[in-house]
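Quick one: this structure, given as structure tokens, is what I'll be asking you about.
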Amino acid sequence: MSAPQIPKTQKAVVFETNGGPLEYKDIPVPTPKPNELLIHVKYSGVCHTDLHAWKGDWPLATKLPLVGGHEGAGVVVGLGSNVQGWKIGDYAGIKWLNGSCMNCEQCQHTNESNCAEADLSGYTHDGSFQEYATADAVQAARIAPGTDLAEAAPILCAGITVYKALKTANLSAGEWVAISGAAGGLGSLAIQYAKAMGYRVVAIDGGDEKAVFAKSLGAEVFIDFTKSKDIVADVKAATNGGAHGVINVSVSEKAMDQSVEYVRSCGTVVLVGLPAGAKISAPVFDAVVRSVSIRGSYVGNRADSAEALDFFSRGLIKCPIKIVGLSELPSIYDLMQQGKILGRYVVDTSK
Ligand code: NAD
Ligand code: ZN
């Protein structure tokens with residue numbers, strides 16, 4: 001393939017301060033380091049993490065100024081001098097984990113996302129809310145030729161994360177998993193991965209539209225947190241004694257505390273959502289005598305990523321996306337803040 005024409009400047013959404021203006025403007029196209037790919041990002045999913053990063057919600061500083069975004073799907077247009085195993089024209093994905101040291105104890109054990117030196121797309125490394133972005137060639141996701149890049153984009157964070165969280169719940173086929181925050185970006189994929197893995201799904205979210213949506217994706221039961229008088233009792237009743245596992249993808253501390261109560265004895269509560277300043281509290285006596293596990297789960301490693309993409313390529317996961325131009329990012333953040341999004345918004349970087 002002939003070398004693609006790479007412009008000197010490009011459109012991006014940039015902020016200078018956390019919570020400050022989100023400016024759609026021209027910035028230079030980055031130059032890949034020796035270990036990096038230059039990717040022409042065609043589409044990027046908009047994850048709630050991008051909203052947390054812009055607001056500065058977490059006790060970890062972002063790079064400033066910052067280009068957010070970490071669900072970027074595109075085409076390789078440049079190769080750093082040390083890159084092997086990639087060629088111009090390959091489809092590649094930009095994940096939250098842009099790169100890690102590959103030498104520390106966690107990296108040696110393939111827990112690359114837990115590396116203390118992890119470089120994070122759209123957080124410590126300019127991400128996918130721009131037309132051209134760089135990614136470490138070791139961590140960049142391989143996307144099969146011919147894939148619909150808009151549909152694939154949400155797999156690169158939401159898909160990988162919920163697939164790994166479901167593995168962390170350590171369930172057997174036929175067991176119940178409760179998904180709290182089921183109609184959002186992560187939740188809508190979690191329902192489908194759970195079904196594909198053989199589990200029965202109780203979806204928890206708010207509103208009639210979200211109920212219809214979650215059921216259309218495969219949830220057997222929907223519990224509305226805005227209407228239920230007792231979520232714990234409702235989940236226990238629906239699952240004949242409590243969910244064997246819970247995937248917490250809501251941005252709600254209260255929902256997480258409730259999940260420790262409705263999980264079945266010897267079951268696993270998986271924490272994924274990251275509400276600002278949240279703490280989990282559980283009655284110790286109950287957690288001990290019911291032998292409940294509470295586990296954090298943070299994106300996934302390269303194998304989790306490849307497996308999550310493989311479920312998608314086999315047609316088992318359909319990303320419920322709405323595509324809008326990159327310049328409309330601020331209005332997506334508004335809707336997200338109000339909890340009004342069904343599934344995932346994907347931005348087209350050319351608009
Ligand atoms: P989203 O805004 O698309 O979805 C959140 C959903 O939670 C919404 O549908 C909302 O209605 C629902 N919700 C709100 N309060 C609820 C409650 N009390 N009970 C049940 N549902 C409730 O967000 P998203 O993009 O899916 O991200 C969710 C969270 O996961 C964010 O905090 C994000 O930062 C985090 N995240 C974590 C990881 C990780 O690796 N651990 C990876 C990606 C995202
Ligand atoms: Zn994300």
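The values are calculated or read from the model by the stated rules, or taken from the named source; none is laboratory data. Computed from a predicted structure; not experimentally measured. Cβ atoms come from the backbone with ideal geometry, glycine included; neighbour counts cover every protein chain shown. We work out accessible area using only protein heavy atoms, side chains counted, and drop any ligands, DNA or RNA first. Shrake-Rupley method; radii C 1.70, N 1.55, O 1.52, S 1.80 Å.
Report the accessible area of residue 40, computed with a 1.4 Å probe over the heavy atoms of all protein chains in place, in Å² rounded to the nearest 10.
40
Restricting to the chain, compute how many DSSP beta bridges are antiparallel as a %, nearest 5.
The antiparallel fraction comes to roughly 55 percent.
Over the alpha-carbon set of region 1-65, work out the extent along each principal axis and list the three values in angstrom, largest first.
Principal-axis extents of the Cα atoms in region 1-65, largest first: 44, 25, 21 Å.
Something else: Report, to the nearest whole %, how much of the accessible area of the chain belongs to carbon and sulfur atoms, 1.4 Å probe, protein only.
52
Using a 1.4 Å probe and ignoring any ligands, DNA or RNA, find the accessible area of residue 291 and quote it in Å² to the nearest 10.
Residue 291 has an accessible surface of roughly 60 Å² with all protein chains in place.
How large is the dipole of the chain about the Cα centre if only Lys and Arg carry +1 and Asp and Glu carry -1, each at its Cβ, rounded to the nearest 20 debye? Numbers along the way, then the final one.
Details: 31 positive and 35 negative charges, 96 e Å.
In total the dipole reaches around 460 debye.
Over 19 Å apart: what share of the alpha carbon pairs of region 181-254 falls there, rounded to a whole percent?
26
Using Cα pairs closer than 8 Å and at least 6 residues apart in sequence, work out the relative contact order for region 250-351, in percent. Could the numbers behind the result be given before it?
Working: 93 pairs, mean separation 22.9, N = 102.
Computed value for region 250-351: 22 percent relative contact order.
Starting from the Cα gyration tensor of region 52-160, multiply each eigenvalue by 5, take the square root, and state the resulting semi-axes largest first in whole Å.
22, 18, 13
What does the accessible area per residue of the chain come to in Å², with a 1.4 Å probe and no ligands, DNA or RNA counted?
42
Roughly how compact is region 246-351, stated as its Cα Rg over 2.2 N^0.38 Å to two decimals?
Compared with the compact-globule rule of thumb, region 246-351 sits at 1.37.
Given a Förster distance of 30 angstrom, what is the FRET efficiency for residue 340 paired with residue 172, based on the Cβ-Cβ distance and rounded to 0.05?
Taking R0 as 30 Å, the efficiency between residue 340 and residue 172 is 0.25.
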